[in-house]
1. Pick from TRP89, TRP113: which is closer than 24 Å to GLY178 by Cα and either assigned by TED's automatic domain parsing to the domain that holds ASP131 or in contact (Cβ under 8 Å) with a residue 24 or more places away in the chain (or both)?
2. Being over 20 Å from ASP140 (Cβ atoms) and in contact (Cβ under 8 Å) with a residue 60 or more places away in the chain is the filter here; which residues of region 1-17 pass it?
3. As an exercise: evaluate LYS87 against (1) touching an Asp or Glu at 6+ places or on another chain (Cβ under 7 Å); (2) farther than 24 Å from CYS10 by Cβ and give the number of the one condition it does not meet.
4. For region 27-68, which residues satisfy the criterion of being hydroxyl-bearing (Ser, Thr, Tyr) and closer than 13 Å to LEU7 by Cβ?
5. Under 6 Å by Cβ, and 6 or more places apart or on different chains, what pairs join a residue from region 43-60 that is surrounded by 15 or more Cβ atoms within 10 Å (Cβ to Cβ) with one that is at pLDDT 90 or above and in a loop (DSSP other than H, G, I, E, B)?
6. Output the number of the condition that ARG65 fails; it satisfies all remaining conditions of (1) outside the structural domain of GLU13 (by TED's automatic domain parsing); (2) of a type in the set (D, E, K, R); (3) in contact with a Phe, Trp or Tyr (Cβ under 8 Å, 6 or more places away or on another chain).
Amino acid sequence: MDVQTILKDCLKEVCTDFPDVAHILHENYPVELDFEKEVDYFKQVLQPHFMKIVQKDSTLFDEPRFFLRGVDFSVLIKDANSKLTEKLWTYTRLLLVCSYLGADIMNTIKQLWSKFTGKAETDEIDEVLQDEKTHSGIQDMLETFKDTRIFKLSMEVMENINLEKLGIPEIDFTDIGGIVEMVRNPEHPVTRKAISSVQGLIEEKMKKGSLRREDFIAEIEMLKEKFKSSLGKLFKTELFGDTTGREVQSANTLMSNHPDARRARMLARLQRKLGK
């Protein structure tokens, strides 16, 4: 889940799948890469097309798209078979992720923290981010999240959401500060309509039996625990209480009849009641 790994793997696979452009990539990407420079490039060429990328809108490639330097994805996808077409969409989505993760995930988190809290001084967060436990906790949280039902559901929502039907303008996904403000405000019209759309999809899946309420809640509680153990002390710790010394339980444990699972569920119910 870091830009170094994603970009190197992507370059390697594109060279293998499309050997005709391998020499172009070798010319544009030296062995020692400037990852900050590459992330800035991804921000420019990918973020303005956020919704088309997550929705796999084929009209994206009606115009030249140099998502890798020197390589026009609109040309590659034109003659690609279904398997390679899917790979190109995967590459494009991963590079879009890189544009938001930044060259240094810790620095990206620091910037988000400053936008979220409105604090210019970063001494408070610097100390936490330098902790090795924070590094491993964040990595674990990201790796866990991408394998959850919640992630798959969020991708399904993004792929199928109809902005015109919701009656909202297309969001500027290059304005990180604006997105943070929107998320922070539950009364924001975009946030309210998006939540309503997600709730409808969840209810529909639960009625059909493809999504069980207890499984969904268990994943939410597990991710909350992982968030608290890594970034909770920075982002609104007061919402969760003191998490010092508390062990983070796995999804299997939380979904079982293990005493830890029952205790975690009881704690979650108490927290929800306290929140209300």
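The values are calculated or read from the model by the stated rules, or taken from the named source; none is laboratory data. Values in this document were obtained by computation on a predicted structure and should not be read as measured data. Neighbour counts are summed over all protein chains in view; Cβ atoms, including those assigned to glycine, are modelled from backbone coordinates with ideal geometry.
1. On the way: TRP89 fails: closer than 24 Å to GLY178 by Cα.
Result: TRP113 is the single residue among TRP89, TRP113 that is closer than 24 Å to GLY178 by Cα and either assigned by TED's automatic domain parsing to the domain that holds ASP131 or in contact (Cβ under 8 Å) with a residue 24 or more places away in the chain (or both).
2. Result: LEU7, CYS10, GLU13, VAL14, ASP17.
3. Unmet for LYS87, out of (1) touching an Asp or Glu at 6+ places or on another chain (Cβ under 7 Å); (2) farther than 24 Å from CYS10 by Cβ: (2).
4. Residues of region 27-68 that are hydroxyl-bearing (Ser, Thr, Tyr), as a first pass: 29, 41, 58-59.
Listed by number, the residues that qualify are TYR29, TYR41.
5. These pairs meet every condition: VAL45/PHE67.
6. Condition (1) is where ARG65 drops out.
Per-residue answers, yes or no, for (1) of a type in the set (A, V, I, L, M, F, W, C); (2) within 18 Å of the chain's Cα centre (by Cα); (3) assigned by TED's automatic domain parsing to the domain that holds ILE176; (4) on the phi > 0 side of the Ramachandran plot:
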{"position": "ASP9", "(1), (2), (3), (4)": "no, no, no, no"}
{"position": "VAL14", "(1), (2), (3), (4)": "yes, no, no, no"}
{"position": "ASP17", "(1), (2), (3), (4)": "no, no, no, no"}
{"position": "ASP20", "(1), (2), (3), (4)": "no, no, no, no"}
{"position": "LEU25", "(1), (2), (3), (4)": "yes, no, no, no"}
{"position": "VAL39", "(1), (2), (3), (4)": "yes, yes, no, no"}
{"position": "LYS43", "(1), (2), (3), (4)": "no, yes, no, no"}
{"position": "LEU60", "(1), (2), (3), (4)": "yes, no, no, no"}
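Quick grid of which residues meet (1) at pLDDT 75 or above; (2) in a helix (DSSP H, G or I):
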{"residue": "PHE151", "(1), (2)": "yes, yes"}
{"residue": "VAL180", "(1), (2)": "no, yes"}
{"residue": "PRO186", "(1), (2)": "no, no"}
{"residue": "ILE195", "(1), (2)": "yes, yes"}
